[in-house]
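Report on the structure given below.
The values are calculated or read from the model by the stated rules, or taken from the named source; none is laboratory data. Please read these numbers as outputs of a predicted model, since none were measured by experiment. Cβ: placed from backbone, ideal geometry, glycine included. Neighbour counts: every protein chain shown.
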Amino acid sequence: MNSLLKKQCMIIGDPVDHSLSPAMHNAAYKKLGIDNIFSFTKRKVTPNELESLIDEVRENNIRGLTCTIPHKVEVMKYLDEIDLIAKKIGAVNTVVNEGGLLKGYNTDWLGTVTPLENLLGKGGLKGKKVALIGAGGAARAMAFGVIQKGAKLKIYNRTVSKAKALADELLAEAAGLGDLEKVCDADIIINSTSIGMGDKKNISPIPAKFISKSQIVFDAVYVPYETKLLKDAESKRATIIHGIEMLLYQGTAQFELYTNQTALQDVMRQSLLDHFRINATT
Ligand code: NAP
């Protein structure tokens, strides 16, 4: 099939430095033998270009979009329909084009609860005490996910008013980073800040002394693969969840929306791990 006639999905952002998502989707298309029908690309789209990109999606019948920073909220005003969960989260990371009708979804919350339920079992989040560090875009979906599954949530953020605003929406608690010692009481600690990546890659958002063996520590940061927070948690013999697990499961849910086929988790995980030259053990 001519590549222009393929059902095209695209990750958009400004900048878009996400080569991991195209790699994971294309690896699964190939393995399923549907790479002659589907292809997944990436494109830098500035906020000023978003409206014309949406016109292009309708005109050229582009099958799907994966929206990253800064488009997750702004894209909502151009869509025909928004899934109830995405409305509640207040952000869309997935757009599906059904014959010209554009519907928005949010799969980031599944990227949060699926790795946790893989460890705890279905329903295992109910009643668990979760300490979420950060109150930005990623935190919204993560907070919604754990609350949806019945966890007790406390949000810690540098800007306390942002933690409080998000906590108020979800009937959760809020605190500043000065209260971080209280994460000792949590069953699960989640980092949704950008601390641990880029020029902050040698920093952890939480002092290691507040982490213990009985806890699960989940870092949304996925570059580097092993963040300082996860290294500290491992040294305390806590159970860890890498950021690529979130990337994987928000991606498998998207895959199913785009293709109507069951996602190949193992193929998609290995494609992410290949980026870091790590072999999957599961
Ligand atoms: P964002 O909306 O810009 O929020 C950033 C958060 O980090 C805010 O809570 C901010 O606090 C906090 N923060 C930043 N610098 C800080 C510092 N020096 N000290 C203390 N707090 C600081 O970003 P986002 O979209 O939520 O993304 C956050 C992280 O999640 C990124 O690393 C991103 O790569 C990762 N992420 C991963 C996945 C995945 O699939 N694994 C998906 C989405 C995002 P203030 O409110 O005080 O500014």
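Quick look at the numbers
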| item | result |
| --- | --- |
| Filtered residue count, region 209-231, keeping only those that are acidic (Asp, Glu) and away from the ligand (no atom under 11 Å from the Cβ) | 1 |
| Odd one out for residue 75, checked against (1) assigned to a helix (DSSP H, G or I); (2) surrounded by 19 or more Cβ atoms within 10 Å (Cβ to Cβ); (3) in contact (Cβ under 8 Å) with a residue 60 or more places away in the chain | (3) |
| Residue satisfying all of: in region 84-135; among the acidic types (Asp, Glu) and out of contact with any helix residue (DSSP H, G or I) (no Cβ under 8 Å at 6 or more places or on another chain); farthest from the ligand (Cβ to nearest atom) among these | 98 |
| Matching strands (runs of 3 or more DSSP E) fully within region 186-264 where at least 2 residues are buried (at least 24 other Cβ atoms within 10 Å of the Cβ) and either among the small types (Gly, Ala, Ser) or in contact (Cβ under 8 Å) with a residue 40 or more places away in the chain (or both) | 188-191 |
| Test result for residue 153, out of contact with any Ser or Thr (no Cβ under 9 Å at 6 or more places or on another chain), without any contact (Cβ under 8 Å) to a residue 40 or more places away in the chain and away from the ligand (no atom under 13 Å from the Cβ) | yes |
| Meets criteria (within 16 Å of the ligand (Cβ to nearest atom) and at pLDDT 95 or above) for residue 270 | no |
| Selection from region 237-251 of residues that are more than 8 Å from the ligand (Cβ to nearest atom) and touching a Gly at 6+ places or on another chain (Cβ under 6 Å) | 249 |
| Enumeration of residues in region 14-45 that are touching a His at 6+ places or on another chain (Cβ under 7 Å) and in a strand (DSSP E or B) | 40, 42 |
| Selected residue (criterion: surrounded by the most Cβ atoms within 10 Å (Cβ to Cβ)) from residues of region 146-166 that are closer than 26 Å to residue 122 by Cβ and small (Gly, Ala, Ser) | 151 |
| Members of region 44-91 that are touching a Cys at 6+ places or on another chain (Cβ under 6 Å) and hydrophobic (A, V, I, L, M, F, W, C) | 75 |
| Total residues in region 160-176, condition within 10 Å of the ligand (Cβ to nearest atom), without any contact (Cβ under 8 Å) to a residue 24 or more places away in the chain and touching a Lys or Arg at 6+ places or on another chain (Cβ under 8 Å) | 1 |
| Tally of residues being more than 21 Å from residue 187 (Cβ to Cβ) and surrounded by fewer than 17 Cβ atoms within 10 Å (Cβ to Cβ) across region 92-120 | 4 |
